[in-house]
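Peer 1: Pasting in a structure now, in structure tokens, and then I'll have a few things to ask.
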There are 2 protein chains.
Amino acid sequence: MIVVTTQEELRSYVRKWHKEGLSVGLVPTMGYLHEGHASLVDRAVASCDRVVASVFVNPTQFGPGEDLQAYPRDFEHDCELLEAHGCDLVFHPEVSEMYPVGGTATFVELLNDMPKQLCGVTRPIHFRGVCTVVSKLFNLVNPDKAFFGQKDAQQLSIIRRMVSDLSYGVEIVGCPIVRDEDGLAKSSRNTYLSAEERQEALVLSRAVRLGEKMYKDGERSAFKVVEAMKAEISKSSLACIDYVSAVNLDTLEAIETLEGPVLVAMAVYIGKTRLIDNFIVGA
Amino acid sequence: MIVVTTQEELRSYVRKWHKEGLSVGLVPTMGYLHEGHASLVDRAVASCDRVVASVFVNPTQFGPGEDLQAYPRDFEHDCELLEAHGCDLVFHPEVSEMYPVGGTATFVELLNDMPKQLCGVTRPIHFRGVCTVVSKLFNLVNPDKAFFGQKDAQQLSIIRRMVSDLSYGVEIVGCPIVRDEDGLAKSSRNTYLSAEERQEALVLSRAVRLGEKMYKDGERSAFKVVEAMKAEISKSSLACIDYVSAVNLDTLEAIETLEGPVLVAMAVYIGKTRLIDNFIVGA
């Protein structure tokens, strides 16, 4: 597996591959990789000739007071996982390589309400940072396909819209949430949890299962499903709900009735750790 | 010469060329082409295997009350000029092809002061529209080189910055201003001028020559050069100065002393027609 740290090296490898007629898949990550990321790499390896993963904790998607400094990092382990899953190249730039002196002036941003909903309420600049760094990676790699986890459902919907709006020629592949055996969605941030918190964090996946069951049993009122999920989460004394919302999967607009492609998403603080989970129906 | 109107057709042609190992040059235009545009095509033909020109009056770069509807159009003549100069493909989309129903939500924007200076004072959303449509064209064509006129000097500096910030792998080629014999810079908007206005519009190029001469003769005070140019322009009773400014060519920051790469730029109303002109020293 090739490891590169500069944009120039990255571009030179993928240009060579494109010239050889090889298809290139991109898996953008912030590192501290787990089985969720591994599933993205597996999917990429299965459908592309060459797979590039990026490992970069992107500062422009963190707001003041968020966990940019604390965000877990273990590049050695990341490389072992990526190589074991057949990744061909890992791009691991310094911040100064991606955002040279003076910082970046140019941003890619959705000016509609999509980045203001859900996580955007408490993280107002988050998706601007995501769109900007993902654009940079697209421009560097010019991938045929890019792979994103459904766990970051709002991010996935926003990136799909960005790709359509900006005429990117990349196919966006959304991949299912990967969970621990007890149901907790895999997340690099799970490492922040104490043993007790880890146990309490199961309220998120319990709420997901409850919502999915209500839908399966015929409930179509977004209000009733969301309220039942909130009640389930509130059983934990360590859980503090940021939001539980039912929205249109494509537009992220709030809905009253669970019809068409629907995303039911939540963010919940377990102690100081903010976790997200979601399910999709009708897509 | 191939004429295409859809993004899909455009992408399919350039992908084929890239697969064949051919280099592709892009000349983005708003049509109503003149010798200035022709010089860009000539430059592109000389250094790229295939040349794509776009002819698209981009609505997102026009503000309320500007000349979007009135902007001159003559696609038949544009095609004759492009073909005569060796262009391989012209992309001529409808507005609905570039901005489908519901409009575009995603914009590319410089959040520093560069788009707020010079023309940005009276055209606050102009450069956001320019950056967004140019990004779309870059993503569609994935050009090796893209060609822009130095007449739109602020646009050129902003696009260079955008390309660097967003890690685009395209070489930006700036091409000299092309002038009529009497000095007037070629512009599609010159067609708005009456015979009398056309004569009075020569104050712009006279001011440029005056400024260049002062610099050549050793004057380094931005204030003195700008004031002399303003006085020259004010000799015309039909001319109304929007701005005359000396700025750093790369950052567009106002400067006191003509040192390093300097752009001296102006916008002047001749009657109702807003014209621009400029010169660069020290680059």
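Peer 1: Kindly evaluate residue B:166 against the criterion of being in contact with a strand residue (DSSP E or B) (Cβ under 9 Å, 6 or more places away or on another chain) and within 12 Å of chain A (Cβ to nearest Cβ).
Peer 2: Against the criterion (in contact with a strand residue (DSSP E or B) (Cβ under 9 Å, 6 or more places away or on another chain) and within 12 Å of chain A (Cβ to nearest Cβ)), residue B:166 qualifies.
Peer 1: Residue A:226 - would you say it is within 14 Å of chain B (Cβ to nearest Cβ) and not in a strand (DSSP E or B)?
Peer 2: no
Peer 1: Take residue A:118 and tell me if it is closer than 22 Å to residue A:259 by Cα, assigned by TED's automatic domain parsing to the domain that holds residue A:9 and modelled with pLDDT of 95 or more.
Peer 2: Spelling it out, residue A:118 is indeed closer than 22 Å to residue A:259 by Cα, assigned by TED's automatic domain parsing to the domain that holds residue A:9 and modelled with pLDDT of 95 or more.
Peer 1: Same structure again: What number of residues within segment B:110-148 satisfy the criterion of being among the small types (Gly, Ala, Ser) and facing chain A (nearest Cβ under 8 Å)?
Peer 2: 1
Peer 1: Filter segment A:21-56 down to the residues that are at pLDDT 95 or above, assigned to a loop (DSSP other than H, G, I, E, B) and within 14 Å of another protein chain (Cβ to nearest Cβ) and list them by number.
Peer 2: Of everything in segment A:21-56, those that are at pLDDT 95 or above, assigned to a loop (DSSP other than H, G, I, E, B) and within 14 Å of another protein chain (Cβ to nearest Cβ) turn out to be A:22, A:23, A:49, A:56.
Peer 1: Further question on the same structure: Within segment A:175-202, restricting attention to residues that are surrounded by 15 or more Cβ atoms within 10 Å (Cβ to Cβ) and of a type in the set (A, V, I, L, M, F, W, C), which residue is nearest to residue A:149 (Cα to Cα)?
Peer 2: For segment A:175-202, the residue satisfying everything is A:175.
Peer 1: Starting from residues that are at pLDDT 95 or above and farther than 24 Å from residue B:14 by Cβ, keep the ones in segment B:77-106 and report whichever is surrounded by the most Cβ atoms within 10 Å (Cβ to Cβ). If you could, list the steps in order and put the result at the bottom.
Peer 2: Keep residues of segment B:77-106 that are at pLDDT 95 or above, which gives B:77-99, B:105-106.
After this cut, where a residue has to be farther than 24 Å from residue B:14 by Cβ as well, the list is B:77, B:105.
On the way: B:77: 13, B:105: 18.
Applying the filter and picking the extreme gives B:105.
Peer 1: A follow-up question, please. Would you confirm whether any residue within segment B:252-268 is touching a helix residue (DSSP H, G or I) at 6+ places or on another chain (Cβ under 9 Å), away from every other protein chain (no Cβ under 14 Å) and acidic (Asp, Glu)?
Peer 2: The answer is yes, given that some residue of segment B:252-268 is touching a helix residue (DSSP H, G or I) at 6+ places or on another chain (Cβ under 9 Å), away from every other protein chain (no Cβ under 14 Å) and acidic (Asp, Glu).
Peer 1: Right, next: Would it be correct to say that residue B:12 is within 14 Å of chain A (Cβ to nearest Cβ), assigned to a strand (DSSP E or B), hydroxyl-bearing (Ser, Thr, Tyr) and out of contact with any His (no Cβ under 7 Å at 6 or more places or on another chain)?
Peer 2: no
Peer 1: Would you check which residues across segment A:121-144 are polar (S, T, N, Q) and either in the same structural domain as residue A:243 (by TED's automatic domain parsing) or in contact (Cβ under 8 Å) with a residue 40 or more places away in the chain (or both) and list them?
Peer 2: Within segment A:121-144, A:122, A:132, A:142 meet the criteria.
Peer 1: Now for a separate question. I'd like the full set of residues that are more than 16 Å from residue B:4 (Cβ to Cβ) and either within 11 Å of another protein chain (Cβ to nearest Cβ) or hydroxyl-bearing (Ser, Thr, Tyr) (or both), limited to segment B:91-109.
Peer 2: Of everything in segment B:91-109, those that are more than 16 Å from residue B:4 (Cβ to Cβ) and either within 11 Å of another protein chain (Cβ to nearest Cβ) or hydroxyl-bearing (Ser, Thr, Tyr) (or both) turn out to be B:99, B:100, B:102, B:103, B:104, B:105, B:106, B:107, B:108, B:109.
The values are calculated or read from the model by the stated rules, or taken from the named source; none is laboratory data. In this text, all values refer to a predicted model and were calculated from it rather than measured experimentally. With ideal geometry, Cβ positions are generated from the backbone for all residues, glycine too; neighbour counts draw on all protein chains shown.
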